[in-house]
Amino acid sequence: MTLSVNLIQTIKSQRDYRVGDIIYHWGYKWRESRDNVLLGSGYDGMILKEYLLANPDQDRFDPHLFGHVIGRHAKAQGIPERSNVIGVHIRAGDVVTVPHRFLSVDYIPLLRSVLLQNSGLDCINLVVCFAYGNYHERGLWEYDDRKQQANQLCLGFLFDEFEACFQGLIDFEVTSNSNADIDLIHLFTAGFFVADRGGFSRVIYEARRAHGKPSIGPVS
């Protein structure tokens with residue numbers, strides 16, 4: 001497929017369902033967000049809430065349990081394991097204002113290394129969303145047109161680089177959803193995972209490692 005930033009969805013206000021922050025107790029409002037997820041009926045049936053309810057020790061991340069919950073949701077939604085796919089997480093959105101995190105992974109050599117060392121991989125699935133935490137009480141992580149345009153420009157350059165380096169050698173897909181659970185499932189069920197920086201990638205990386213699934217990346 002031809003890669004285009006028009007395939008990337010935008011979430012202007014992801015105030016509570018922030019998987020990495022809640023699991024690792026990061027940021028100003030992880031506890032408030034965790035309670036909102038646990039108590040809010042709008043999160044019923046979602047992966048993070050199911051995991052939190054099943055984990056008796058809220059202070060310790062259980063990556064094996066988290067992976068088990070993802071796997072159960074994947075099966076329920078008919079999303080199969082895809083051993084031929086490299087799932088690549090690209091963190092975008094509000095992180096555009098943090099230069100040492102935004103698009104700081106050198107994806108091209110990582111992907112070349114993965115393809116050289118692993119047979120049977122014939123598709124790269126780029127999992128990305130322009131997500132904004134919208135913590136307006138502190139003026140943090142808010143959406144505005146300038147940030148969105150910067151995201152689109154930078155992702156456009158990255159997509160062009162992917163196509164220039166790999167076109168004709170491997171297929172591409174873009175997975176982008178307003179529901180983070182779908183992205184969790186696609187990255188967990190991929191044959192190989194290339195992580196970005198940040199909590200979302202770290203959660204997936206640790207869950208995959210607990211289930212013996214190969215992964216690579218910075219993960220901080």
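The values are calculated or read from the model by the stated rules, or taken from the named source; none is laboratory data. Keep in mind it's a predicted model, so treat the numbers as computed, not measured. FYI the Cβ positions are ideal-geometry reconstructions off the backbone, even for glycines, and counts take in every protein chain you see. These accessible areas exclude ligands, DNA and RNA; they are computed on the full protein's heavy atoms, side chains included. Shrake-Rupley method; radii C 1.70, N 1.55, O 1.52, S 1.80 Å.
Within segment 110-122, can you find the residues that are open to solvent by less than 70 Å² (accessible area, probe 1.4 Å) and within 20 Å of F157 (Cα to Cα)? Give the derivation first.
Going residue by residue through segment 110-122, those that are open to solvent by less than 70 Å² (accessible area, probe 1.4 Å) are 110-111, 113-115, 118, 120-121.
L110, L111, listed by residue number.
With the condition kept exactly as written, say whether any residue in segment 42-49 is among the β-branched types (V, I, T), closer than 20 Å to H186 by Cα and either open to solvent by less than 50 Å² (accessible area, probe 1.4 Å) or assigned to a loop (DSSP other than H, G, I, E, B) (or both).
Filtering segment 42-49 for residues among the β-branched types (V, I, T) gives 47.
This time we only want the ones that are closer than 20 Å to H186 by Cα, so: 47.
Still in the running and either open to solvent by less than 50 Å² (accessible area, probe 1.4 Å) or assigned to a loop (DSSP other than H, G, I, E, B) (or both): 47.
Checked against the condition, which is being among the β-branched types (V, I, T), closer than 20 Å to H186 by Cα and either open to solvent by less than 50 Å² (accessible area, probe 1.4 Å) or assigned to a loop (DSSP other than H, G, I, E, B) (or both), segment 42-49 yields at least one hit.
Table: residues versus (1) more than 19 Å from the chain's Cα centre (by Cα); (2) under 22 Å from R18 (Cα atoms); (3) open to solvent by less than 20 Å² (accessible area, probe 1.4 Å); (4) touching a residue at least 24 places away in the same chain (Cβ under 8 Å).
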site: Y135; (1), (2), (3), (4): yes, yes, no, yes
site: R138; (1), (2), (3), (4): yes, yes, no, yes
site: C154; (1), (2), (3), (4): no, no, no, yes
site: F172; (1), (2), (3), (4): no, no, yes, yes
site: S176; (1), (2), (3), (4): no, yes, yes, yes
site: A180; (1), (2), (3), (4): no, yes, yes, yes
site: K213; (1), (2), (3), (4): no, no, no, yes
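Hey, can you tell me all the residues within segment 14-33 that are open to solvent by less than 50 Å² (accessible area, probe 1.4 Å), within 21 Å of F188 (Cβ to Cβ) and in contact with a helix residue (DSSP H, G or I) (Cβ under 7 Å, 6 or more places away or on another chain)?
Y17, R18, V19, G20, D21, I22, I23, Y24
Is one or more of the residues making up segment 51-60 within 22 Å of T189 (Cα to Cα) and hydroxyl-bearing (S, T, Y)?
Yes, that holds for at least one residue.
Being of a type in the set (D, E), touching a Phe, Trp or Tyr at 6+ places or on another chain (Cβ under 9 Å) and in contact (Cβ under 8 Å) with a residue 40 or more places away in the chain: is that true of E161 here? Before the answer, list the steps.
On the way: of a type in the set (D, E): yes; touching a Phe, Trp or Tyr at 6+ places or on another chain (Cβ under 9 Å): yes; in contact (Cβ under 8 Å) with a residue 40 or more places away in the chain: yes.
Spelling it out, E161 is indeed of a type in the set (D, E), touching a Phe, Trp or Tyr at 6+ places or on another chain (Cβ under 9 Å) and in contact (Cβ under 8 Å) with a residue 40 or more places away in the chain.
Would you check if V88 is under 25 Å from V219 (Cα atoms), under 18 Å from the mean Cα position of the chain (by Cα) and exposed (fewer than 14 other Cβ atoms within 10 Å of the Cβ)?
Details: under 25 Å from V219 (Cα atoms): yes; under 18 Å from the mean Cα position of the chain (by Cα): yes; exposed (fewer than 14 other Cβ atoms within 10 Å of the Cβ): no.
Considered against the rule, which asks whether it is under 25 Å from V219 (Cα atoms), under 18 Å from the mean Cα position of the chain (by Cα) and exposed (fewer than 14 other Cβ atoms within 10 Å of the Cβ), V88 comes out as no.
Tell me which of these V37 doesn't satisfy, since it passes every other one: (1) outside any helix (DSSP H, G or I); (2) within 27 Å of V96 (Cα to Cα).
The single condition V37 does not satisfy is (1).
Conditions: (1) closer than 22 Å to F193 by Cβ; (2) modelled with pLDDT under 95; (3) out of contact with any strand residue (DSSP E or B) (no Cβ under 9 Å at 6 or more places or on another chain); (4) not hydroxyl-bearing (S, T, Y). I79 meets all but one. Number of the miss?
Every listed condition holds for I79 apart from (2).
Taking into account only those residues within segment 182-211 that are aromatic (F, W, Y) and either assigned to a strand (DSSP E or B) or within 22 Å of G45 (Cβ to Cβ) (or both), which is nearest to the chain's Cα centre (by Cα)?
Within segment 182-211, the subset aromatic (F, W, Y) is 188, 192-193, 200, 205.
From what is left, the residues that are either assigned to a strand (DSSP E or B) or within 22 Å of G45 (Cβ to Cβ) (or both) are 188, 192-193, 200.
Numbers: F188: 10, F192: 14, F193: 10, F200: 5 Å.
The residue in question is F200.
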